[in-house]
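Notes follow the structure.
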Amino acid sequence: MELIKVVTCGSVDDGKSTLIGRIVFETNNILTDQSIKLKKLSSRYGSTGNEIDFSLLLDGLQDEREQGITIDVAHRYINFKNNRLVFHDSPGHNQYTRNVVTAASGCDIAILLIDVKKGVLEQTKRHLKILKFLDFKYIIFAINKIDLIKFNKKKFLKIEKNLKFLISNEKKIKISFIPISALNGDNVIAKSKNIKWYNGKSILDTIISFKLKNNKKTKSYFTVQHVHRTNKTTRHYLGNLKGQLIENQKVKILPSNNVTNIKNIFSNLKKVKKIKDNPIAIDLQGQLDVTKGDVIIDCKNDKILVGNVFNAEVVITSKDNLIAGRQYLLRLHNKVIKTTVTKIKGVYDFILNSNINKNELKLNDIGEIEITCNDLVPYANFVDYPALSRFILVDEVTLSVVAAGKINFALRRSGNLFKTEGKVSKKIRSNIKRHKPKCIWFTGLSGSGKSTIAQQLEKELVSKSLHTYNLDGDNLRLGINKDLGFTSTDRTENIRRVAEISKLMVDAGLIVIVSTISPFRKDRDFAKSLFDKDEFYEVYISTPLTICMKRDPKKLYKKVKSIKNFNPIGLTSGYEQPLKPHLKIDTSRETVNTSVRKIFKSIFN
Ligand code: ADP
């Protein structure tokens, strides 16, 4: 029996949990002990007087119950007229949009509830945008609480008209509008006798009437989740198989494009000749370099590709904005890779608005972006293999999910750009110089003493015949960064460029000294991520703000004071102190020479 997956969404109190609760109860899919518990809970927490409060079947967590809202995703299975259905109930609050994405992804049909008395709300539009983003082909608009307006047809038709307008561009989505009362059961399981003017089916009959397209025969693919080395020569690859694999079958490994044969297949610790849709372990002929996140495919499969620059659609799921120029961790199937958001192409307001010049996307925005991964990634288009197209972008520091997305297509133009290694390496270059290249990154408030120490340090390094370069943030703003201002986005881009330039200089074998306020932790972490171990040293010049303001060598603080309500980030507010700097130097307590000596001792000894 094929499982039909349904998600319910809508605003708080639109009746999602009550609807599923009633469905579960009336289709006799509730166990006796649950039924007794439900009656008890209804009298304690319920909002329906002496009647059963069906929503309590879904609102699983105690805290939520007491607040009367659903935060997490709850799901319930039912059997109905020889069909097996699962309902995912998503939370209605605005701040839990990410849970709606989680609940809805992977479902076939969506029920979007609308309270007939409230009509189409911002939240309705937001959820509809998410459903479109997730490519839903079947949406049921359940206009709920119709009993409260005495089954009034006019109000229903007005809401139907509004919704039809919102979805008018979507010809491929099959839609139904159903007047219901989740509380009383009208048009939920069976057709209601109270709503004579409605000619359509009940919710459940509508769901089973949709002829869900059966998955096309998927061409096989296997995503490597774990590499298990049993001894020096044998490696087992563990992961999830979609489709079928046969012993000795010729397969291709992506992204390397190496071709080999399957030697052994194991399922449940037993060797098998042939297997379908299962978690399995395999080993391959020959010694090949296969790592977590690689995809093993049938050689004839031409739908799974390899790329590193993509156009993608994302929905922002965190309070932290997604910022162009910033690096994130991208997780796509089992692959986790550093990825930079290179461009924000536009924001969807039912259609893509690409005219606004945006550098950031904020919570709940759905937008189109371009990303560049640090390495090649196996992927597929959403229509062919959704699981190989869906990804999340994760903040490298907090590890929170900033966005969920899907790849639209690979951008070939730069997708063909790959790093070429010359005949002379960083090691050879540094050997000539007889020192190890390094990046010493000074961060701290303006006037803390970064440039002063950097200049003295460079002088002493040069006197010892070491080859250095002093990259001063302010000097770079006069040249390569002269197009950048002081907004958060511009500051991030400023640091990205300084970091990339330092990387090139270290690659050339130099000792690079960077002095720039670099107020944001994430940006400094990005800089660090570009370097090898023992190449990057973060030195925090921790001089207190009061001292910096008194010194004010660039007269910046004076300027700020003269402008009312002006608190530039990184100058008087918003500086994020390093959590684990290599060194911390307070120049109000020591001389320049003492600081330079300390740096020498800890970095050059
Ligand atoms: P930043 O580069 O951090 O903006 P600068 O180096 O340009 O700061 O300015 C620091 C100011 O503080 C200079 O005028 C410098 O002479 C003065 N100063 C006083 N004591 C120290 C010290 N111990 N270390 C560094 N600078 C100091």
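The values are calculated or read from the model by the stated rules, or taken from the named source; none is laboratory data. All values derive from a computational prediction rather than experimental measurement. Neighbour counts are summed over all protein chains in view; Cβ atoms, including those assigned to glycine, are modelled from backbone coordinates with ideal geometry. For accessibility, only protein heavy atoms count, side chains too; no ligands or nucleic acids. Shrake-Rupley method; radii C 1.70, N 1.55, O 1.52, S 1.80 Å.
Would you say Ser562 is among the polar types (S, T, N, Q), over 17 Å from Phe486 (Cα atoms), open to solvent by 30 Å² or more (accessible area, probe 1.4 Å) and touching a residue at least 60 places away in the same chain (Cβ under 8 Å)? Give the derivation first.
Details: among the polar types (S, T, N, Q): yes; over 17 Å from Phe486 (Cα atoms): yes; open to solvent by 30 Å² or more (accessible area, probe 1.4 Å): yes; touching a residue at least 60 places away in the same chain (Cβ under 8 Å): no.
No, not satisfied.
Against the condition within 16 Å of the ligand (Cβ to nearest atom), closer than 23 Å to Ser573 by Cα and open to solvent by less than 10 Å² (accessible area, probe 1.4 Å), how does Thr443 come out, does it pass? Even if it seems obvious, please write down each step before you answer.
Numbers: within 16 Å of the ligand (Cβ to nearest atom): yes; closer than 23 Å to Ser573 by Cα: yes; open to solvent by less than 10 Å² (accessible area, probe 1.4 Å): yes.
Considered against the rule, which asks whether it is within 16 Å of the ligand (Cβ to nearest atom), closer than 23 Å to Ser573 by Cα and open to solvent by less than 10 Å² (accessible area, probe 1.4 Å), Thr443 comes out as yes.
Restricting attention to the range 580-591, which residues are near the ligand (Cβ under 7 Å from one of its atoms) and either surrounded by fewer than 15 Cβ atoms within 10 Å (Cβ to Cβ) or modelled with pLDDT under 95 (or both)? Before you say what the answer is, go through the steps one by one.
Start the filter on the range 580-591 by keeping residues that are near the ligand (Cβ under 7 Å from one of its atoms), which leaves 587, 590-591.
The answer is Glu590, Thr591.
Report the residue count in the range 270-309 for those that are within 13 Å of Tyr237 (Cα to Cα) and free of Cβ contacts under 8 Å to residues at least 40 places away in the same chain. Show your work before the answer.
We begin by selecting, within the range 270-309, every residue within 13 Å of Tyr237 (Cα to Cα); these are 279-285, 287-296.
Those still in the list that are free of Cβ contacts under 8 Å to residues at least 40 places away in the same chain too: 285, 288-289.
So the answer is 3.
Report every pair of residues separated by at least 6 positions or lying on different chains whose Cβ atoms are under 8 Å apart, first residue within the range 433-458 and on the phi > 0 side of the Ramachandran plot, second among the hydroxyl-bearing types (Ser, Thr, Tyr) and within 7 Å of the ligand (Cβ to nearest atom).
Gly449/Thr587; Gly449/Ser595
Looking at Val498, Val397, which is the one that is more than 16 Å from the ligand (Cβ to nearest atom) and of a type in the set (Val, Ile, Thr)? Steps first, answer last, please.
On the way: Val498 fails: more than 16 Å from the ligand (Cβ to nearest atom).
Matching residue, one of Val498, Val397: Val397.
May I ask you to list pairs of residues, at least six apart or on different chains, whose Cβ atoms are under 8 Å apart, with the first in the range 494-518 being without any contact (Cβ under 8 Å) to a residue 24 or more places away in the chain and the second being buried (at least 24 other Cβ atoms within 10 Å of the Cβ) and hydroxyl-bearing (Ser, Thr, Tyr)?
Short answer, once both residue conditions are applied: Asn494/Thr516.
Determine which member of the set Leu269, Leu288, Leu238 is at pLDDT 90 or above and either outside the structural domain of Asn381 (by TED's automatic domain parsing) or of a type in the set (Val, Ile, Thr) (or both). Give the steps one after another, and end with the answer.
Numbers: Leu269 fails: at pLDDT 90 or above; Leu288 fails: at pLDDT 90 or above.
The unique qualifying residue is Leu238.
Does Lys232 satisfy the criteria of being loosely packed, with under 11 Cβ neighbours inside 10 Å, modelled with pLDDT of 90 or more and in a loop (DSSP other than H, G, I, E, B)? Reasoning before the result, please.
On the way: loosely packed, with under 11 Cβ neighbours inside 10 Å: yes; modelled with pLDDT of 90 or more: no; in a loop (DSSP other than H, G, I, E, B): yes.
Here the answer is no, as Lys232 does not meet what is asked.
For the range 319-339, indicate whether the set of residues that are of a type in the set (Asp, Glu), open to solvent by 50 Å² or more (accessible area, probe 1.4 Å) and not in a strand (DSSP E or B) is non-empty.
Yes, the range 319-339 has at least one match.
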